[in-house]
Amino acid sequence: MHTLPIQIRFNDVDQMGHVNNAVIMEYFDLGKSKFFTEAGIPPEHGDFTVMIVHFEVDFTSQIHYHDNIAVTTAVKRIGNKSIAVEQHIINQDTGVDCAVCRTVMSGYDRRTHASAAIPENLKEILLNK
């Protein structure tokens, strides 16, 4: 599992006093980007990458401006062409799980603009992160 601490910015907080749900999606994207970059699949380089084909989110607890939070990212399943990822935003002071995101990503070949099989060496790396 990969953990990325998040610094909440003042403009992330809406008039209700908590982090806006749309901003929480940005936190999940940051977590996925860092996770895949460290695994050797940076989103901006190479012929092979992954792209989101489905996601769902459960918002379970509010996040406030001064909360100490982190995004955890873990691969739950890898198929021939797909990767199932689960992420959590955790309040690091209280241990409360604030949001859960389940994402399905597809391997993608930039040369052919088509879905692509996940390379075997990346499968091993991703399952061990």
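The values are calculated or read from the model by the stated rules, or taken from the named source; none is laboratory data. None of these values were measured; they are calculated from a predicted model. In this analysis, Cβ positions are derived from the backbone assuming ideal geometry, glycine residues included, and neighbour counts consider all displayed protein chains.
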Tell me whether the stretch 10-28 contains one or more residues that are modelled with pLDDT of 95 or more and in contact with a Ser or Thr (Cβ under 9 Å, 6 or more places away or on another chain).
yes
Condition first: farther than 19 Å from Gly46 by Cβ and assigned to a loop (DSSP other than H, G, I, E, B). Now tell me which residues in the stretch 95-127 satisfy that.
Gly95, Val96
Just checking, which of Val23, Val71, Val50 is within 19 Å of Leu4 (Cα to Cα), β-branched (Val, Ile, Thr) and in contact (Cβ under 8 Å) with a residue 12 or more places away in the chain?
Val71
Being out of contact with any strand residue (DSSP E or B) (no Cβ under 7 Å at 6 or more places or on another chain), surrounded by fewer than 17 Cβ atoms within 10 Å (Cβ to Cβ) and at pLDDT 95 or above, is that true of even one residue in the stretch 87-94?
yes
